[in-house]
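Below: one structure, written as structure tokens.
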Amino acid sequence: LKLQMEYLNPVNQIYDKRQRLMNIEDKLNMLIKRCVADNRNRLRLYASRLEGLSPLKKLDMGYGYIEDSQNDRSMAKTLEQSFERLEEIITQMEKSDTTFDASFKMYQEGMKLVESCNNQLDKIEKQIIVLNDDGENDDE
């Protein structure tokens, strides 16, 4: 009976709930950090693939270059949309029938998307740090 009373004691229940909450918080932090790291890795892969398709490398092969400032595509709004667009750009640039001009425009768009994705990931990481700092201050 005494053991049961200790278990049902509100102080012990609060302690148990706080412990459970701390475990959940740790898991959330681990998951979001893994998600950010995975997205950074994906972004590195896209950036290196784009670098491999750089118009400068094509210029080194003896191609000419003419700039046309008409077709400026708007950037995708979400990180996932940006990744999808980067995949499309890389696929198109890898095709042998893509002109040098088109490949340069896609390269520019791709590099802008890479920069945008990096900025978005940096912003998310900063928000995570702020959230973690706020959580640590509440515990003290």
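Key figures
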read-out	value
Residue that is nearest to GLU125 (Cα to Cα), among those in the stretch 41-51 that are loosely packed, with under 14 Cβ neighbours inside 10 Å and under 11 Å from the mean Cα position of the chain (by Cα)	ASN41
Cβ pairs under 8 Å, 6+ apart, first in the stretch 22-34 and free of Cβ contacts under 8 Å to residues at least 12 places away in the same chain and more than 12 Å from LEU131 (Cβ to Cβ), second open to solvent by 80 Å² or more (accessible area, probe 1.4 Å) and not aliphatic (A, V, I, L, M)	none
Residues of the stretch 83-132 that turn out to be in contact (Cβ under 8 Å) with a residue 24 or more places away in the chain, closer than 16 Å to SER48 by Cα and open to solvent by 50 Å² or more (accessible area, probe 1.4 Å), as a count	5
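Results for (1) farther than 30 Å from LEU31 by Cβ; (2) modelled with pLDDT under 85; (3) hydrophobic (A, V, I, L, M, F, W, C); (4) touching a helix residue (DSSP H, G or I) at 6+ places or on another chain (Cβ under 7 Å), shown as yes or no for each residue.
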| site | (1), (2), (3), (4) |
| --- | --- |
| ALA76 | no, yes, yes, yes |
| SER82 | no, no, no, yes |
| ILE90 | no, no, yes, yes |
| ALA102 | yes, yes, yes, no |
| VAL114 | no, no, yes, yes |
| ILE128 | no, yes, yes, yes |
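The values are calculated or read from the model by the stated rules, or taken from the named source; none is laboratory data. Model, not experiment: these values are computed from the prediction. Cβ coordinates were reconstructed from backbone atoms using ideal geometry, including for glycine residues, and neighbour counts include every protein chain displayed. To get the accessible areas, we keep the full protein, side chains included, count just its heavy atoms, and leave off ligands, DNA and RNA. Shrake-Rupley method; radii C 1.70, N 1.55, O 1.52, S 1.80 Å.
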